[in-house]
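The values are calculated or read from the model by the stated rules, or taken from the named source; none is laboratory data. Computed from a predicted structure; not experimentally measured. Counting neighbours? That spans all protein chains shown, and the Cβs are built from the backbone with ideal geometry, glycine included.
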Amino acid sequence: MDRRYLVVAFVVLAVVVAAIALSPLSSPASGPSAPDGTYPAGAGPDHIDFSALESDDANVSHTPREYWDSYAIVYTAPPERPLVEGDYYIDATTGESIAERRYNATVYRNGTTYAFRQPADSLPNERQREEFEADDAFVYDESSNAYYRYDPHYGQLAPTNIGRHTDILDAYTWEAVGTATHHGVPVTTYRATGERTNDTRAPPVINGTLRLGSEDGIVYTYDLTVDAGERTDTYTYEVRPAPFPEHDWVDTARTLAAGNTSTEG
């Protein structure tokens with residue numbers, strides 16, 4: 001072979017070897033590196049302290065109002081683990097909220113005003129109907145076949161599930177894997193590491209991801225699947241912009257309460 005070709009071949013080989021040596025592929029395999037960026041107090045590239053997030057002023061019933069005119073908090077859970085109140089809708093301007101309850105019931109709150117509607121044909125059994133009939137706080141409306149309650153001075157609101165949908169996440173450890181935006185809100189994406197925190201009663205996680213507000217510490221979405229023994233349970237959650245629902249039925253509840261001598265109004 002011509003000497004010139006030997007020299008060229010040697011140079012090419014040297015370049016290839018050097019490139020391989022400098023390539024990241026030559027380093028030991030590892031998971032995705034944590035993204036650089038802003039983390040709220042209580043969170044970092046390899047941890048989320050949910051109790052620290054909750055101690056901040058940011059919360060899901062108020063902070064998202066800065067971004068959207070109205071929004072929904074949408075939650076799904078296994079049929080064996082339903083919540084009394086699941087989905088919520090919040091008007092950013094007025095602060096009104098509507099919660100969807102089991103048996104297709106709907107709850108309205110605005111300050112101390114409370115209204116409730118339960119379609120009679122959604123009640124699962126006669127015992128449930130008898131309970132509504134026996135409670136003077138509820139009025140049955142034949143035209144809509146529903147039970148209503150209205151109280152303009154509800155005072156201290158009864159506990160709700162708003163803000164508690166994410167409690168299940170606290171049992172697991174999380175690592176940041178990327179940054180994005182969620183309907184215009186800067187978020188950091190985390191994935192479950194497979195390890196549990198001190199809560200050893202929590203079922204093992206199969207897979208899980210969540211998106212945490214990079215500045216406000218709000219959990220905007222999550223998708224979590226756990227090993228529940230003979231089955232797998234999946235929980236999903238999202239906070240996103242959505243229209244505030246029609247609620248003319250609140251006026252119906254108010255009118256019925258005014259004509260009901262058994263209730264205060």
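For the stretch 192-219, the tally of residues that are among the hydrophobic types (A, V, I, L, M, F, W, C), closer than 15 Å to Y235 by Cβ and out of contact with any Lys or Arg (no Cβ under 6 Å at 6 or more places or on another chain) stands at 5. Given D87, D57, D91, which one is of a type in the set (D, E, K, R) and surrounded by fewer than 15 Cβ atoms within 10 Å (Cβ to Cβ)? Every option except D57 fails the conditions. So L224 fits all but one of (1) touching a helix residue (DSSP H, G or I) at 6+ places or on another chain (Cβ under 8 Å); (2) under 19 Å from A52 (Cα atoms); (3) modelled with pLDDT of 95 or more; what number is the exception? For L224, the exception is condition (2).
Figure legend. Inter-residue proximity from the stretch 235-263: first residues more than 26 Å from P64 (Cα to Cα) and of a type in the set (K, R), second residues modelled with pLDDT under 95 and not in a loop (DSSP other than H, G, I, E, B), beta-carbon distance below 8 Å, spacing 6+ or different chains. No pairs are indicated. Summed over the stretch 38-85, residues that are modelled with pLDDT of 90 or more and assigned to a loop (DSSP other than H, G, I, E, B) total 15. Among the residues making up the stretch 207-265, those that are over 17 Å from Y88 (Cα atoms) and of a type in the set (A, V, I, L, M) are L210, L212, L224, V226, A228, A253, L256, A257, A258. Restricted to the stretch 97-122, and to residues there that are in a loop (DSSP other than H, G, I, E, B) and modelled with pLDDT under 95, the residue that is nearest to the chain's Cα centre (by Cα) is G111.
Consider the stretch 150-175. How many of its residues are of a type in the set (G, A, S) and either within 30 Å of D46 (Cα to Cα) or surrounded by 18 or more Cβ atoms within 10 Å (Cβ to Cβ) (or both)? First the steps, then the outcome.
Step one: filter the stretch 150-175 for residues of a type in the set (G, A, S), giving 155, 158, 163, 171.
Narrowing the set further to residues that are either within 30 Å of D46 (Cα to Cα) or surrounded by 18 or more Cβ atoms within 10 Å (Cβ to Cβ) (or both) leaves 163, 171.
Adding up the residues that qualify gives 2.
Scanning the stretch 216-234 for residues that are touching a residue at least 12 places away in the same chain (Cβ under 8 Å), surrounded by fewer than 15 Cβ atoms within 10 Å (Cβ to Cβ) and out of contact with any Asp or Glu (no Cβ under 9 Å at 6 or more places or on another chain), we see that the one that is farthest from S61 (Cα to Cα) is G229. Cβ-Cβ contacts under 7 Å between residues 6 or more apart (or on different chains), taken from a first residue in the stretch 188-209 that is surrounded by 17 or more Cβ atoms within 10 Å (Cβ to Cβ) to a second residue that is assigned to a loop (DSSP other than H, G, I, E, B), are listed as T188/P35; T188/G37; T188/Y39; T188/S214.
Could you tell me whether any residue of the stretch 235-250 is among the small types (G, A, S), under 18 Å from H165 (Cα atoms) and either in contact with an Asp or Glu (Cβ under 8 Å, 6 or more places away or on another chain) or not in a strand (DSSP E or B) (or both)? Scanning the stretch 235-250 turns up no residue that is among the small types (G, A, S), under 18 Å from H165 (Cα atoms) and either in contact with an Asp or Glu (Cβ under 8 Å, 6 or more places away or on another chain) or not in a strand (DSSP E or B) (or both). Only a single criterion out of (1) of a type in the set (S, T, N, Q); (2) within 30 Å of P204 (Cβ to Cβ); (3) modelled with pLDDT of 95 or more is not satisfied by N161, namely (3).
Can you tell me which residues in the stretch 95-149 are under 26 Å from F244 (Cβ atoms), hydrophobic (A, V, I, L, M, F, W, C), touching a helix residue (DSSP H, G or I) at 6+ places or on another chain (Cβ under 8 Å) and surrounded by 18 or more Cβ atoms within 10 Å (Cβ to Cβ)? Steps first, please.
Residues of the stretch 95-149 under 26 Å from F244 (Cβ atoms): 95-122, 137-139, 141, 143-149.
Now drop any that are not hydrophobic (A, V, I, L, M, F, W, C), which leaves 98-99, 105, 107, 115-116, 120, 137-139, 146.
Imposing the further condition that a residue be touching a helix residue (DSSP H, G or I) at 6+ places or on another chain (Cβ under 8 Å) reduces the set to 105, 115-116, 120, 138-139, 146.
Residues satisfying the conditions are A105, A115, F116, F138, V139, A146.
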